[in-house]
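Each remark here refers to the structure printed beneath this line.
The values are calculated or read from the model by the stated rules, or taken from the named source; none is laboratory data. Fair warning: this is a prediction, and the values are worked out from it, not measured in the lab. A quick note on method: Cβ atoms are made from the backbone with ideal geometry, for glycine too, and the neighbour counts reach across all protein chains shown.
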Amino acid sequence: MSGLRFAMLTTFYPPFHFGGDAVFIRRLTEALARRGHSVDVIHDMDAFALLHPGELPEPEAPTPGVRTHPLQSRLGSLSCLATQQSGRPLVHGRRIRRILDDGDFDVIQFHNVSLVGGPGVLGYGSALKLYMAHEHWLVCPSHVLWRHGRELCTGRECLRCQLHYRRPPQLWRHTGLLEREIRHVDAFYSPSAFSAAKHREFGFPRELEVIPYFLPDPESGAEETSARAGDAPEAPYFLFVGRLEKIKGLQDVIPHFGADALADLLVVGTGNYEQELRRQAEGAPRVRFLGPRRPEELRALYAGALALVMPSVCYETFGITLLEAFRDRTPVLARALGPLPEIVRESGGGMLFETPAELGEALGRLAGDEALRRKLADAGHQAFLERWTESAVLRQYFDLIRRVAERRGDRRVLETLEACA
């Protein structure tokens, strides 16, 4: 390898993961590898096993240029508890430090480190250090600013909130540990301006730059599948894609799909709130639960949908499904909350709603106006090509690395970047 050497630290990494942040980390990792850089990924199997009891998924085939380091101990969940309580990698710290010291890395990239090491891991290694805030964990013990499991967080009630989530309170958050350890990180960034602003609002002392998520370039060959609208259902339908959790807001959409609805609602995903949603849908005959879907099936569903509905009631940090819809020329109907208005307005690729009445009106307009759908779809697709492709976003990513290297006077990184340009 003639490029940079990257180390990624994350609690979850595919196939040992639960959400879109891990999928994006793999996407970033593989994009770097395709460009001639080498990447080592350190992830926590104890954390995955804690939240996914039973048989583990089969490991995926290795990607050229990528090496994974799954952390697993005989202590199992006690390893996670030790990290969660101390804010330090008490069990796996020695191995993490050895990997980072032996790897001669140019860049250490932190992602969700809540259970792989907590803030104590931020001081490990001597390379340039970046931190991507996929969630709000830096300012919220429950990660999502969803207070007491029922409302948006507008002010700290962290102790009561942690007890509601049945999580042991993190005493290290009151010791100044986070403030001390973040000094080791050269730059923090978030996928949306909204999320960066929320970190400021809740007192995070460092500024976060904005570098969004991305999908592979359409012409890169990195996409394993292509959209095949012919594989989608013939009846008109709206589409929901995501985890079936209360914070995703699907419960507010289902009542609009009774027997007199103009289209079906297809629901892709699974989660802890699924049974409650299914019970609710017993009175909404045009709602169909499809469960998880493979990428090729999902792309066909996007391509055939009237619109993607994203009704999250919590503060997302981005919303990768919006990009997937724009890629396949599908309009978006999103709740005017969090970063979703930011993405929809920047793209011109969708509509926003706040109230149930506005949601119902927007569903009706999209179902009945093909010209409107085509206009939104074209705008969203063009914005995707300009803003959210791999090439467009990696230019911002490498620019951040270059600026950090200049501040640090790291000639090796600067010379390597120049040679790879």
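Consider the stretch 149-170 and keep the residues that are in contact with a Ser or Thr (Cβ under 9 Å, 6 or more places away or on another chain) and in a helix (DSSP H, G or I). The one that is farthest from residue 51 (Cα to Cα) is 158.
Taken over the stretch 119-133, the residue count meeting the criterion of being in a loop (DSSP other than H, G, I, E, B) and within 18 Å of residue 95 (Cβ to Cβ) is 4.
Out of 39, 66, which single residue is surrounded by 22 or more Cβ atoms within 10 Å (Cβ to Cβ), within 29 Å of residue 420 (Cβ to Cβ), modelled with pLDDT of 95 or more and assigned by TED's automatic domain parsing to the domain that holds residue 184?
Only one candidate qualifies: 39.
From the set of residues in the stretch 253-268 that are at pLDDT 95 or above and part of a loop (DSSP other than H, G, I, E, B), which is surrounded by the fewest Cβ atoms within 10 Å (Cβ to Cβ)? Out of the qualifying residues, it is 263. Of all residues in the stretch 52-69, those satisfying the criterion of being under 22 Å from residue 37 (Cα atoms) and in a loop (DSSP other than H, G, I, E, B) are 60, 61, 62, 63, 64, 65. Of the candidates 142, 195, the single residue that is of a type in the set (Gly, Ala, Ser) and either more than 24 Å from residue 319 (Cβ to Cβ) or modelled with pLDDT of 95 or more (or both) is 195. Here residue 306 fulfils each of the conditions (1) farther than 23 Å from residue 199 by Cα; (2) of a type outside the set (Phe, Trp, Tyr); (3) without any contact (Cβ under 8 Å) to a residue 24 or more places away in the chain apart from (3). Candidates in the stretch 232-252 are the residues that are assigned to a loop (DSSP other than H, G, I, E, B) and out of contact with any strand residue (DSSP E or B) (no Cβ under 8 Å at 6 or more places or on another chain); of these, the one that is surrounded by the fewest Cβ atoms within 10 Å (Cβ to Cβ) is 234. Looking across the stretch 85-109 at every residue that is surrounded by fewer than 14 Cβ atoms within 10 Å (Cβ to Cβ) and in contact (Cβ under 8 Å) with a residue 12 or more places away in the chain, the one that is farthest from residue 124 (Cα to Cα) is identified as 104.
Against the condition more than 21 Å from residue 393 (Cα to Cα), surrounded by 22 or more Cβ atoms within 10 Å (Cβ to Cβ) and assigned by TED's automatic domain parsing to the domain that holds residue 130, how does residue 79 come out, does it pass? Yes; evaluated as a whole, the condition is true for this residue.
Across the stretch 390-421, what is the number of residues that are of a type in the set (Gly, Ala, Ser), at pLDDT 95 or above and over 22 Å from residue 126 (Cβ atoms)? If you could, list the steps in order and put the result at the bottom.
Just the residues of the stretch 390-421 that are of a type in the set (Gly, Ala, Ser), to begin with: 391-392, 405, 409, 419, 421.
Next, only the ones that are at pLDDT 95 or above stay: 391-392, 405, 409.
This time we only want the ones that are over 22 Å from residue 126 (Cβ atoms), so: 391-392.
Adding up the residues that qualify gives 2.
When 167, 173 are checked against the criterion of being touching a helix residue (DSSP H, G or I) at 6+ places or on another chain (Cβ under 8 Å), at pLDDT below 90 and either surrounded by fewer than 23 Cβ atoms within 10 Å (Cβ to Cβ) or not acidic (Asp, Glu) (or both), a single residue qualifies: 167.
Contact map, the stretch 111-133: residues that are within 18 Å of residue 77 (Cβ to Cβ) paired with residues that are among the charged types (D, E, K, R) and not in a loop (DSSP other than H, G, I, E, B), Cβ distance under 8 Å, separation 6+ or inter-chain. Pairs shown: 112/21; 115/44; 115/46; 116/44. Selection of first residues in the stretch 59-84 that are free of Cβ contacts under 8 Å to residues at least 12 places away in the same chain and of second residues that are of a type outside the set (Ser, Thr, Tyr), restricted to Cβ pairs under 7 Å at least 6 apart or on distinct chains, gives the following pairs, ordered by first then second residue: 82/90; 82/91.
Can you tell which of 371, 405, 362, 357 is assigned to a helix (DSSP H, G or I), over 23 Å from residue 253 (Cβ atoms) and in the same structural domain as residue 239 (by TED's automatic domain parsing)? Going through 371, 405, 362, 357 in turn, the sole match is 371.
Number of residues in the stretch 287-310 that are more than 21 Å from residue 388 (Cβ to Cβ) and part of a loop (DSSP other than H, G, I, E, B): the value is 4.
Being out of contact with any Phe, Trp or Tyr (no Cβ under 6 Å at 6 or more places or on another chain), in a loop (DSSP other than H, G, I, E, B) and not acidic (Asp, Glu), is that true of even one residue in the stretch 186-193? No, the stretch 186-193 contains no residue that is out of contact with any Phe, Trp or Tyr (no Cβ under 6 Å at 6 or more places or on another chain), in a loop (DSSP other than H, G, I, E, B) and not acidic (Asp, Glu). Please determine whether any residue of the stretch 86-105 is assigned to a loop (DSSP other than H, G, I, E, B), touching a strand residue (DSSP E or B) at 6+ places or on another chain (Cβ under 7 Å), of a type in the set (Phe, Trp, Tyr) and within 26 Å of residue 138 (Cβ to Cβ). Yes.
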